[in-house]
1. Quick check on the range 63-87: of everything there that is surrounded by 13 or more Cβ atoms within 10 Å (Cβ to Cβ) and not in a helix (DSSP H, G or I), which residue is modelled with the lowest pLDDT?
2. Looking at the structure I just gave you, is E44 among the acidic types (D, E), within 19 Å of A9 (Cβ to Cβ) and touching a helix residue (DSSP H, G or I) at 6+ places or on another chain (Cβ under 9 Å)?
3. Any chance the range 47-58 includes a residue that's closer than 23 Å to A115 by Cα, part of a helix (DSSP H, G or I) and not hydroxyl-bearing (S, T, Y)?
4. Looking only at the range 7-17, decide whether some residue is within 11 Å of L131 (Cβ to Cβ) and either among the polar types (S, T, N, Q) or surrounded by 19 or more Cβ atoms within 10 Å (Cβ to Cβ) (or both).
5. Is there a residue being modelled with pLDDT of 90 or more and in contact with a Pro (Cβ under 9 Å, 6 or more places away or on another chain) anywhere in the range 95-110?
6. For the range 102-115, which positions are over 11 Å from A35 (Cα atoms) and either within 15 Å of the chain's Cα centre (by Cα) or not in a helix (DSSP H, G or I) (or both)?
7. Hey, can you tell me all the residues within the range 88-98 that are touching a Lys or Arg at 6+ places or on another chain (Cβ under 8 Å) and assigned to a helix (DSSP H, G or I)?
8. Only one of F63, F67 is more than 14 Å from the chain's Cα centre (by Cα), of a type in the set (F, W, Y) and under 19 Å from A134 (Cβ atoms). Can you tell me which?
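The values are calculated or read from the model by the stated rules, or taken from the named source; none is laboratory data. What you are looking at is a predicted structure, and each value in this text was computed from that prediction instead of being measured. We place every Cβ from the backbone using ideal geometry, glycine too, and count neighbours over all the protein chains shown.
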Amino acid sequence: MAVPSAPEARLFYRSAHQRLEDGLFLLGGGRTTAAIYLAGYAVECMLKALILASVPSGRRARFRASFRGALAHDFDWLREQYQAQGGSRLPLLITRQFALVNTWTTNLRYNPGAAKRREAQAFLGAAKEILKWANGRL
């Protein structure tokens with residue numbers, strides 16, 4: 001794993017890995033909805049790390065400030081921002097993983113029910129693949 005050199009990117013990078021670990025822990029305890037919720041945040045944080053690692057230091061504060069509101073949780077928007085900063089195109093496998101995690105929303109925090117275990121396992125598996133791919137871009 002390559003840790004980003006930009007301090008702003010490192011913050012999101014470390015958060016991404018911690019949220020995924022938290023999600024895996026919760027999945028092991030049968031807390032499937034919470035596991036999906038945290039794994040979604042892991043993907044979001046990793047995308048933000050990729051963006052911040054891609055922009056020159058003088059522009060990082062502006063990009064970090066753009067990570068507010070509903071748009072900052074939108075994986076499609078974050079991917080567009082990454083690619084607009086010269087980030088690589090997503091390979092087909094990762095595009096497929098994003099199709100699976102694109103069901104994620106911050107509204108999951110209000111869902112008292114439990115997601116199906118198989119659904120949660122697939123979601124967390126996709127999140128793991130996305131983080132693995134992103135690690136290779138840093």
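1. S66
2. yes
3. No, the range 47-58 has no match at all.
4. Scanning the range 7-17 turns up at least one residue that is within 11 Å of L131 (Cβ to Cβ) and either among the polar types (S, T, N, Q) or surrounded by 19 or more Cβ atoms within 10 Å (Cβ to Cβ) (or both).
5. Within the range 95-110, not a single residue is modelled with pLDDT of 90 or more and in contact with a Pro (Cβ under 9 Å, 6 or more places away or on another chain).
6. Hits for the range 102-115 are N102, T103, W104, T105, T106, N111, P112, G113.
7. F98
8. The unique qualifying residue is F63.
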